[in-house]
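Right, one structure below, let's go through it.
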Amino acid sequence: MSANHTSSPQPVYVYGVVPAGTALPHETQGVAGRPLELLERDGVAAVVSEFPAGDFRVRRSDLQAHLRSVEQVFAQATVAPCPFGTVLGSRADVAAHFLDPRAGELRMLLERLEGHVQMNVKAEYEEEAILRDVVAEDAEIARLRERTKALGAAAYYENIRLGELITSRLAARRATDAAEIEARLSAAAATSVSDPEDAAQLAVFKGSFLVERRALGAFDDVLDGLAAERSAQLRFEVTGPLPPVAFATLEPGVQAWA
Amino acid sequence: MAVAQRGTASNYLQRAPSPSGLADVLDVILDKGLVIDAFVRVSVIGIEILTIDARIVIASVDTYLRFAEAVNRLDLAQSQPAGIDELRGGGSQEKAKGALEGAKEAITPGDSKKKERSR
């Protein structure tokens with residue numbers, strides 16, 4: 001189905017923006033199994049594929065196709081990725097309502113992202129170790145725990161109080177630890193965004209760091225050192241190098257690192 | 001499936017080149033990135049449902065697995081009568097399984113009716 005000859009416009013799925021002249025990876029299957037193509041305007045280009053008109057059922061394979069396509073483009077070029085599910089009405093819309101009015105901003109964004117990768121870092125408490133610590137450091141919690149143990153099943157309200165105390169002590173530790181993790185890792189990165197809303201009980205920190213590709217070794221050294229130092233209480237996970245998804249934004253304020 | 005263990009270099013730091021579990025993939029691609037003005041975008045119903053449901057799914061998968069893991073670890077560490085241990089362990093596994101099926105349903109919303117019937 002060629003877009004130029006159909007009566008209704010062909011919708012397109014947009015993966016992100018790259019510098020004009022970027023070579024696309026060969027044989028990459030995009031969302032809905034369609035091939036990737038490049039729409040170039042004025043120094044920038046959108047990576048798109050045709051999107052089936054009408055009822056579309058998202059499959060797991062589409063999520064993976066989106067991520068794989070962005071990663072494969074990123075392997076060869078600077079890319080400012082779009083979120084999953086960005087669909088525009090036609091190729092003409094991409095040019096007229098996205099690339100043309102924003103070409104200048106997009107070129108600046110790509111310049112800022114050039115040579116950088118995103119590293120996602122998560123840290124959480126090792127449950128038994130952190131609970132043992134909290135009990136050891138807090139006389140009130142230790143006392144209450146003795147009492148709940150002695151009372152057994154009758155300690156309903158004492159147990160609630162104990163859990164409440166532990167939760168508040170954990171929250172205080174989490175705030176300190178999250179700030180330390182972000183500060184230490186930020187020193188080896190261009191910028192970072194963290195997600196303080198994650199309220200899962202043992203989660204301490206979740207954030208993304210924009211790191212110069214050539215400084216990846218230094219970033220990993222800092223992370224490994226920090227994780228080793230805190231290995232008694234914390235477990236770290238790092239994912240990357242990823243395309244700079246969390247830093248691909250045109251909003252003012254988030255561009256502060258430029 | 002969702003929380004597969006990655007290649008480990010050490011037990012305090014796990015490294016992965018790319019997100020593998022469903023929750024992690026969604027976390028990377030779903031609501032971060034270059035946003036195109038809403039008036040130009042086409043709204044695709046299947047994608048709208050996914051973006052609404054996935055936030056809930058991410059939260060519950062994480063939480064359920066956390067509880068299941070914590071309860072299972074307690075079972076190993078404590079020496080209580082076997083009957084109680086079995087009840088606890090079974091309960092947490094059920095919860096984790098429920099959350100993962102919820103995730104699948106969110107990705108293919110059309111399947112949810114079929115799943116209800118099969119229970």
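Tell me, what is the FRET efficiency for A:Gln201 and A:Arg59 to the nearest 0.05, using R0 = 30 angstrom and their Cβ-Cβ distance as r?
Efficiency at R0 = 30 Å is approximately 0.40.
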- Message: Cut-off 10 angstrom, C-alpha nodes, Gaussian network model of chain A. Which of A:Ala172, A:Ala155, A:Ala232 fluctuates the most?
- Response: A:Ala155
- Query: Could you give the nm distance between label points at A:Ala142 and A:Glu40, where each point is 7 Å from its Cα heading toward the beta carbon?
  - Reply: 7.1
- If we count GluC sites (Glu not before Pro) as exposed when they sit in a DSSP loop and have at most 16 other beta carbons within 10 Å, what is the longest stretch of chain A that avoids them all? A:28-113
- Note on the structure: Binned at 10 Å starting from 0, the alpha-carbon pair-distance distribution of the range A:29-128 in whole percents comes out as 13, 40, 31, 11, 4, 1
- Estimated FRET transfer efficiency (A:Asp133, A:Arg68; beta-carbon r; R0 41 Å; 0.05): 0.45
- Could you list A:His66, A:His116, A:His26 in order of exposure, starting from the residue whose Cβ has the fewest other Cβ atoms within 10 Å? A:His26, A:His116, A:His66
- Task: Extending each Cα 7 Å along its Cβ direction at A:Ser168 and A:Tyr156, get the distance between those two points in nm, one decimal.
- Result: 2.3
- Note on the structure: Only helices counted: for chain A, with every DSSP H run of 4 or more residues adding -39500 (n - 2.57) and the sum spread over all residues, [θ] at 222 nm is -12500 deg cm²/dmol
- Rg in Å to one decimal, and Dmax rounded to a whole Å, for the range A:78-235 via C-alpha atoms: 22.9, 74
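Readers should treat all values here as calculations from the given coordinates under stated rules, not as data from a laboratory. Since the model is a prediction, treat every value here as computed from it, not as a measurement. Backbone-built Cβ (ideal geometry, glycine too); neighbour counts: all protein chains shown.
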